[in-house]
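Please read the structure below before turning to the comments.
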């Protein structure tokens, strides 16, 4: 009975995924730079269960990788900010590749054996499927990082493209002042976040170094990036968004 149900589940998911996106095809709204698909899970542990949950995930990821062949995720632990305890980025590549019937069947069978553990340890979770940078580029930055700044946005209606452009402009500003750039992730489906960015830093001190930019350098960098002035970077962002969450996080490795 279980295997029949799993087979039906896999066939349905694979059929829907193939219909939604053919191999090599990207959704019309995804910027050209964002071509790699991720599933992003924001997870809040049940009270007193965070360390148990982290241990459960570590064991689950090993088993899932061995059986389903999935690439290991990149994840981080909340330090301060939003309500979630863990952000987990699962590399997918594309729907077609990730939901191949054989892989999806094996993945679901692994999850079946761990489901009760997750039900006991998780109080709240939301998932969003996003297009972001190539996994090799992201993983390289992640390996060298120990501290992260995550910004999550819901745009105002019709402002999604302008919000993405604003994020690119802030990256241009960061390049000009020799600060780390943010990785940009654009929603395809799932939770309501239209876009989020992750900045990777060695540690808290590296993150704080951006405050050392002189006013003159900041003004010059802002104007070269397309902003009216350094003082207008934040106010301009507020004209594009309905909701904005900031979170600082540390690496889980």
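The values are calculated or read from the model by the stated rules, or taken from the named source; none is laboratory data. None of the values given here were measured: they were computed from a predicted structure. Glycine also receives a Cβ, built like all others from the backbone with ideal geometry; neighbour counts cover every protein chain displayed.
In the stretch 121-136, what residues are within 15 Å of the chain's Cα centre (by Cα), touching a residue at least 24 places away in the same chain (Cβ under 8 Å) and not in a loop (DSSP other than H, G, I, E, B)?
125, 126, 127, 128, 129, 130, 131, 132, 135
Give 204, 243 a once-over and let me know the one that is in contact with a strand residue (DSSP E or B) (Cβ under 7 Å, 6 or more places away or on another chain) and either modelled with pLDDT of 95 or more or surrounded by 14 or more Cβ atoms within 10 Å (Cβ to Cβ) (or both).
Matching residue, one of 204, 243: 243.
Which members of the stretch 211-228 meet the condition of being assigned to a loop (DSSP other than H, G, I, E, B) and exposed (fewer than 12 other Cβ atoms within 10 Å of the Cβ)?
214, 228
Could you list, in sequence order, all residues of the stretch 96-117 that are outside any loop (DSSP other than H, G, I, E, B) and either over 18 Å from residue 57 (Cα atoms) or within 17 Å of the chain's Cα centre (by Cα) (or both)?
Of everything in the stretch 96-117, those that are outside any loop (DSSP other than H, G, I, E, B) and either over 18 Å from residue 57 (Cα atoms) or within 17 Å of the chain's Cα centre (by Cα) (or both) turn out to be 96, 97, 98, 101, 102, 103, 104, 105.
Please verify whether residue 164 is in contact (Cβ under 8 Å) with a residue 12 or more places away in the chain, assigned to a helix (DSSP H, G or I), under 26 Å from residue 234 (Cα atoms) and under 18 Å from the mean Cα position of the chain (by Cα), treating the condition exactly as stated. Give the steps one after another, and end with the answer.
On the way: in contact (Cβ under 8 Å) with a residue 12 or more places away in the chain: yes; assigned to a helix (DSSP H, G or I): yes; under 26 Å from residue 234 (Cα atoms): yes; under 18 Å from the mean Cα position of the chain (by Cα): yes.
Here the answer is yes, as residue 164 does meet what is asked.
Considering the stretch 148-158 alone, what residues qualify as being buried (at least 18 other Cβ atoms within 10 Å of the Cβ) and more than 14 Å from residue 244 (Cα to Cα)?
Listed by number, the list holds a single entry, 148.
When the stretch 175-196 is examined, which residues are found to be assigned to a helix (DSSP H, G or I) and either within 13 Å of the chain's Cα centre (by Cα) or surrounded by 17 or more Cβ atoms within 10 Å (Cβ to Cβ) (or both)? Before you say what the answer is, go through the steps one by one.
Going through the stretch 175-196, the residues assigned to a helix (DSSP H, G or I) turn out to be 175-176.
Passing the criteria: only 176.
Within the set of pairs 6 or more residues apart or between chains, which connect a residue that is more than 21 Å from residue 161 (Cβ to Cβ) inside the stretch 175-192 to a residue that is assigned to a loop (DSSP other than H, G, I, E, B) with Cβ atoms less than 8 Å apart?
Listed pairs, sorted by first residue: 175/181; 177/213; 179/213.
Out of 144, 209, which single residue is closer than 18 Å to residue 221 by Cα, modelled with pLDDT under 95 and in contact with a strand residue (DSSP E or B) (Cβ under 9 Å, 6 or more places away or on another chain)?
Values: 144 fails: closer than 18 Å to residue 221 by Cα.
The unique qualifying residue is 209.
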